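Written out below as structure tokens is the structure these notes cover.
The values are calculated or read from the model by the stated rules, or taken from the named source; none is laboratory data. Just so we're clear, the structure is a prediction, and the values are computed from it rather than from any experiment. Please note: Cβ atoms are built from the backbone with ideal geometry, for glycine as well, and neighbour counts cover all protein chains shown.
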Amino acid sequence: MTQSATAAAHPNLALVKYWGYSEPSLNLPANSSISITLSGATTITSVTFDSTLDDDLFTLNDSPGTAVASRRVSAHLDRARQLAGSVDRAHVSSTTDFPTAVGMASSAAAFAALSLAATRALRLDLSPRELSILARKGSGSACRSVFGGYVEWSKGSHDSNSFARPLYPPQHWDLRVVTVAFGGRPKPVSSEEGHRAAVRSPLYTARLRELDGTLDIVREALHRRDFAGLGIAVEREALSLHAIAMTSPLVEYPWVSGIIYMEPETIRLIRAVQDWRAQGAPVYFTLDAGPAVHLLCEPAYLHTLLEEIRALFGLQSHQVWISSPGRGAWEVEGPLST
Ligand code: PMV
């Protein structure tokens with residue numbers, strides 16, 4: 001007997017970043033975070049539980065998933081199976097229209113879509129909050145992709161009170177996010193390793209002390225649709241994460257003095273944004289744990305911004321994704337049984 005469902009989710013971009021755990025085994029974060037769900041990229045995941053399978057099978061864009069990714073998917077299916085009291089193995093097939101491991105929060109979309117597809121296939125009808133809690137255990141930031149628009153993840157103190165909730169729907173503020181990714185090698189250190197190492201940075205407690213103030217500024221700027229207020233807070237917040245990463249010793253790789261997620265193109269674009277702004281351009285940047293740069297602007301400036309990016313990089317390999325505030329994870333095809 002088989003039971004299947006298909007779900008989709010967008011990645012999200014943190015305006016205030018989650019960096020560091022209070023409890024790694026449950027992905028409980030050391031701080032609350034705020035994000036915008038990105039309409040311009042999508043992961044679609046089908047899950048088929050099949051009582052005749054001996055093992056879970058995971059394919060990504062029609063190729064077998066890596067051993068590490070397959071283990072993460074299986075561990076997440078275990079959580080859904082436990083909720084449903086099922087022992088059936090599953091075939092999980094995911095397709096994405098954006099690259100993984102370049103700083104586009106691909107795991108957020110992946111685990112939001114997987115959580116919804118797996119629980120629907122198992123006929124579980126989780127509330128959005130329960131789904132957010134489940135998605136968080138796959139990848140912390142995935143708890144925010146359950147919701148659309150502007151989203152806050154309250155850090156909580158245990159499994160049942162660490163979940164995301166919508167702050168404002170997508171139409172509250174029609175911002176644009178232009179994600180610029182550069183070809184080349186995937187990021188050298190996973191975000192999981194970065195989260196674990198963060199507490200060893202001597203700057204970490206200073207970052208956490210700042211964060212409640214940053215959260216207030218960002219919430220208030222979103223409320224008032226204050227673009228300049230939002231932008232400068234978001235840039236400082238991204239640089240704060242990278243300051244932590246760069247000063248976090250990695251016990252697993254003692255020869256690495258600190259984590260550098262940026263590539264030369266990352267710095268080039270950051271410098272350009274600062275120059276453009278000095279001339280009055282309304283654009284701000286943010287970064288995740290990878291070399292991609294996310295640029296924030298309002299719709300009226302989008303065309304000029306795209307031209308500036310094209311002029312800066314010319315024929316040099318780069319990819320651009322344009323997002324508006326997107327919707328939360330959704331079911332594409334309801335539960336089917338054979
Ligand atoms: O969900 P994870 O473990 O991939 O961590 C995401 C970390 C950042 O993208 C850098 C920040 C965030 O809040 O999304």
- Leu116 passes all but one of the listed conditions (1) out of contact with any Asp or Glu (no Cβ under 7 Å at 6 or more places or on another chain); (2) touching a residue at least 60 places away in the same chain (Cβ under 8 Å); (3) assigned by TED's automatic domain parsing to the domain that holds Ala30; (4) under 21 Å from Asn27 (Cβ atoms); the exception is number (1)
- Give the residues of the stretch 198-221 that are under 24 Å from Gly290 (Cβ atoms), surrounded by 16 or more Cβ atoms within 10 Å (Cβ to Cβ) and touching a helix residue (DSSP H, G or I) at 6+ places or on another chain (Cβ under 8 Å), sorted by residue number. Ala198, Ser201, Tyr204, Arg207, Thr214, Val218
- Are any of the residues in the stretch 257-276 within 20 Å of Arg200 (Cβ to Cβ) and among the small types (Gly, Ala, Ser)? yes
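Quick one: which of Asp55, Asp78, Asp50 is more than 16 Å from the ligand (Cβ to nearest atom), among the charged types (D, E, K, R), closer than 22 Å to Ser162 by Cα and modelled with pLDDT of 95 or more?
Sole residue among the options that is more than 16 Å from the ligand (Cβ to nearest atom), among the charged types (D, E, K, R), closer than 22 Å to Ser162 by Cα and modelled with pLDDT of 95 or more: Asp78.
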- Query: Within the stretch 268-282, which residues are over 21 Å from the mean Cα position of the chain (by Cα) and of a type in the set (Val, Ile, Thr)?
  - Reply: Val273
- Item | Val251 under 16 Å from Tyr284 (Cα atoms), of a type in the set (A, V, I, L, M) and assigned by TED's automatic domain parsing to the domain that holds Asp288 | no
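Counting only residues that are closer than 30 Å to Leu239 by Cβ, give me the strands (runs of 3 or more DSSP E) lying completely in the stretch 1-88 with at least 1 of them.
Working: elements: 2-9, 12-16, 21-23, 33-37, 43-50, 57-60.
Once the strands (runs of 3 or more DSSP E) in the stretch 1-88 are filtered for at least 1 residues that are closer than 30 Å to Leu239 by Cβ, what remains is 2-9, 12-16, 21-23, 33-37, 43-50.
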- Top-ranked residue in the stretch 290-338 [being modelled with pLDDT under 95 and of a type in the set (Ser, Thr, Tyr); ranked as farthest from Pro128 (Cα to Cα)]: Ser317
- Output for the stretch 1-39, where each listed residue is buried (at least 19 other Cβ atoms within 10 Å of the Cβ) and modelled with pLDDT under 95: none
